[in-house]
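What follows is a short report on a single structure.
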Amino acid sequence: MMDASPRSVPSSSAAVQRCIRAWCGASFGIRERIYVCRNCGGPLEIAVPLPSASETVALRARWRARAGSLDPRDRSGVWRFREVLPFGDEAPIVTLAEGNTPLYDAPRCARYSGLDALRLKHQGCNPTGSFKDTGMTTCVTQAALLGARTVVCASTGNTSASLAAYAARAGLQCAILLPRGQITSSKLAQSMDYGAIVCEIDGNFDDCMRLIREIAEDPSIYLANSINPFRIEGQKTVAFELMEQCEWRVPDHVVVPGGNMGNSSAFGKGFEEMRQLGLIDRLPKLSVIQAEGAGPLARLFGNLQAEPKSDRTSIPEELTPVENPQTLATAIKIGSPVSWEKALRSVIGSHGQVITVSEKEIADSKAMIGRDGIGCEPASATTVAGIRKLVAAHFIRRDELVAAVLTGHLLKDPDYVSQYHRGTLPLGPDTRDRKTGEQPNIGAFRNAPVQVAASKNAILDQLRRANS
Ligand code: F0G
């Protein structure tokens, strides 16, 4: 194997699964097939024995050198950081060369948001077009280690596409539970192509999630939703990769969309581990953006902020779900996120925010991201919309370093894009002015195709008109 280091990767056999609730803190073996604490039902995370802080300079160099290696583990932007993963050398790694995604400068989005500069980490450039791949490589590797035969998940479309692909690579049976009619056709097509058993049910994502947790009680079945802490382990490496791309200069703010809250939890864990390792000396403020119609964590966070100062940092015991979540950003149409406690802990611990943005703010921000030459799916655009709001609210200063995470590729939802640009996307109630026909709830950056006669002059005329 080509490794920049002569030393072998330290075995992570001392890693344990641990309940995140401070008053419980129960630990379980790394090979136990559990998804929540057996003691109190709380969320689990993996406590990984981290390398010693004296190794940080060597680690940085080793991780970077691996990017140029041809070893399949090094080609993966996740396994490149394997010193912080809970796997030993014997793990049968299931990889599609995920990670190593670009960090783009986005000058138009920066101007639109009121910032001097903005950088976008595009997780849509993963093998199946979303950030889920970075967690699925570790989760399906763990499934293989445990000898699972079937892997399952509930999904709004991206988790399922990703799981279906990684299960196919590992030769495992894959079954996915989807809310019928609420998944984009591109995401559904991916899962069918990768050979998953696609079960569409009457109900929403939260119903699917409830059901799949019951199904996963069967010992032959392995659950791959982000409640599974092995998903978070892979996803946390995105924070490491982001810091490498920032040359280890900590951004002031990192902004992510929020749905089931695995991504925000993973970023929080990644940054915290880098701080413990001495790779960074402070945490970026981690802010989570939800859609207005699917914002249970933003509501809880808002209520917390209204509390007396001393209570604002304690994690409440319950989150009140949004019963009938609504948003055109179907990826985050979730009313009862499973990882809300972890995410909230990271937001509070880093002094970030959780806010919501409207459908129109999401849609216009998405089109603005497009104008920077970067295509993402609607859920990802909550970030730029949220940053714009947080700048206006003076939470983010115009000269601060800000990175946003785009979670999915534009081609995940081409119907949304097309409807936006043709002015047919239902961004809110029809408030069209009867006389003028003006419709405020329509995209500000529409760019519909024009019908032009099939002649050179007509086309040149059209170009001139567009330039004037
Ligand atoms: N962005 C995209 C494109 C997503 O697909 C998701 C979640 C999120 C953001 C939110 O991330 O859940 O970690 O807070 N999609 C899941 C799915 C729920 O089933 O594909 P999160």
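Consider region 215-225. How many of its residues are away from the ligand (no atom under 12 Å from the Cβ), of a type in the set (A, V, I, L, M, F, W, C) and not in a helix (DSSP H, G or I)? Spell out the reasoning first.
Filtering region 215-225 down to residues away from the ligand (no atom under 12 Å from the Cβ) leaves 215-223.
Checking which are of a type in the set (A, V, I, L, M, F, W, C) leaves us with 215-216, 221, 223.
Restricting the remaining residues to those that are not in a helix (DSSP H, G or I) gives 216, 221, 223.
Residues meeting the conditions: 3.
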- Evaluate region 406-429: report whether one residue or more is surrounded by 12 or more Cβ atoms within 10 Å (Cβ to Cβ), assigned to a loop (DSSP other than H, G, I, E, B) and touching a strand residue (DSSP E or B) at 6+ places or on another chain (Cβ under 9 Å). yes
- Message: For Gly375, only one of the following conditions fails: (1) within 13 Å of the ligand (Cβ to nearest atom); (2) buried (at least 24 other Cβ atoms within 10 Å of the Cβ). What is its number?
- Response: (2)
- Message: surrounded by fewer than 24 Cβ atoms within 10 Å (Cβ to Cβ), out of contact with any Asp or Glu (no Cβ under 8 Å at 6 or more places or on another chain) and over 21 Å from Ile227 (Cβ atoms): which single residue out of Lys309, Lys285 fits that description?
- Response: Lys309
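Assess whether Ser186 counts as being among the hydroxyl-bearing types (Ser, Thr, Tyr) and assigned to a helix (DSSP H, G or I). Walk me through it before giving the result.
Numbers: among the hydroxyl-bearing types (Ser, Thr, Tyr): yes; assigned to a helix (DSSP H, G or I): yes.
It is true that Ser186 is among the hydroxyl-bearing types (Ser, Thr, Tyr) and assigned to a helix (DSSP H, G or I).
Select from region 268-279 the residues that are more than 24 Å from Leu390 (Cα to Cα) and touching a Lys or Arg at 6+ places or on another chain (Cβ under 9 Å) and write down the one among them that is surrounded by the most Cβ atoms within 10 Å (Cβ to Cβ).
Filtering region 268-279 down to residues more than 24 Å from Leu390 (Cα to Cα) leaves 273-279.
Keeping just the survivors that are touching a Lys or Arg at 6+ places or on another chain (Cβ under 9 Å) gives 273, 275, 279.
Values: Glu273: 18, Arg275: 15, Leu279: 22.
Only one residue tops the list, namely Leu279.
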- Task: Within region 371-392, identify whether any single residue is closer than 30 Å to Gly262 by Cβ and more than 23 Å from the chain's Cα centre (by Cα), and answer yes or no.
- Result: yes
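Residue-by-condition table, conditions (1) under 24 Å from Thr424 (Cβ atoms); (2) part of a loop (DSSP other than H, G, I, E, B); (3) within 16 Å of the ligand (Cβ to nearest atom); (4) modelled with pLDDT under 95:
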| site | (1), (2), (3), (4) |
| --- | --- |
| Ser314 | no, yes, no, yes |
| Glu317 | no, yes, no, yes |
| Thr327 | yes, yes, yes, no |
| Leu344 | no, no, yes, no |
| Ile362 | yes, no, yes, no |
- Query: Say we look at region 120-147 and pick out the residues that are in contact with a strand residue (DSSP E or B) (Cβ under 8 Å, 6 or more places away or on another chain) and within 14 Å of Ser186 (Cα to Cα); which of these is nearest to the ligand (Cβ to nearest atom)?
  - Reply: Ser130
- Looking at Gly423, is it of a type outside the set (Phe, Trp, Tyr) and closer than 24 Å to Gly124 by Cα? no
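What helices (runs of 4 or more DSSP H) completely inside region 28-142 contain at least 2 residues that are under 26 Å from Asp252 (Cβ atoms), of a type in the set (Ser, Thr, Tyr) and touching a residue at least 24 places away in the same chain (Cβ under 8 Å)? It would help to see each step written out before you state the result.
Numbers: elements: 56-66, 72-75, 107-113.
Answer list for region 28-142: 107-113.
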- Query: With respect to the numbered conditions (1) aliphatic (A, V, I, L, M); (2) more than 19 Å from Ser358 (Cα to Cα); (3) within 14 Å of the chain's Cα centre (by Cα), which one is the sole condition not fulfilled by Ile315?
  - Reply: (3)
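Is it the case that Asp372 is touching a Phe, Trp or Tyr at 6+ places or on another chain (Cβ under 9 Å) and acidic (Asp, Glu)?
Details: touching a Phe, Trp or Tyr at 6+ places or on another chain (Cβ under 9 Å): yes; acidic (Asp, Glu): yes.
Taking the combined requirement at face value, the residue satisfies it.
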- Query: Take the residues of region 151-168 that are part of a helix (DSSP H, G or I) and more than 8 Å from the ligand (Cβ to nearest atom): which is surrounded by the fewest Cβ atoms within 10 Å (Cβ to Cβ)?
  - Reply: Ala168
- When you look at Ala331, is it farther than 28 Å from Ala47 by Cα, of a type in the set (A, V, I, L, M) and surrounded by fewer than 18 Cβ atoms within 10 Å (Cβ to Cβ), yes or no? no
- Item | Residue check, Ala97 touching a Ser or Thr at 6+ places or on another chain (Cβ under 6 Å), surrounded by 15 or more Cβ atoms within 10 Å (Cβ to Cβ) and among the aliphatic types (A, V, I, L, M) | yes
- Message: Return the pair list, or none, for Cβ contacts closer than 7 Å from residues in region 148-163 that are within 11 Å of Ser191 (Cα to Cα) to residues that are within 7 Å of the ligand (Cβ to nearest atom) and in a loop (DSSP other than H, G, I, E, B), at least 6 apart or on different chains.
- Response: none
- State which residue is surrounded by the fewest Cβ atoms within 10 Å (Cβ to Cβ) when the search covers only region 37-71 and only residues that are within 25 Å of the chain's Cα centre (by Cα) and farther than 28 Å from Thr101 by Cβ. Gly41
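The values are calculated or read from the model by the stated rules, or taken from the named source; none is laboratory data. Because the structure is a prediction, the values reported are computed rather than measured. Neighbour counts run over all protein chains shown; Cβ positions are idealised from the backbone, glycine included.
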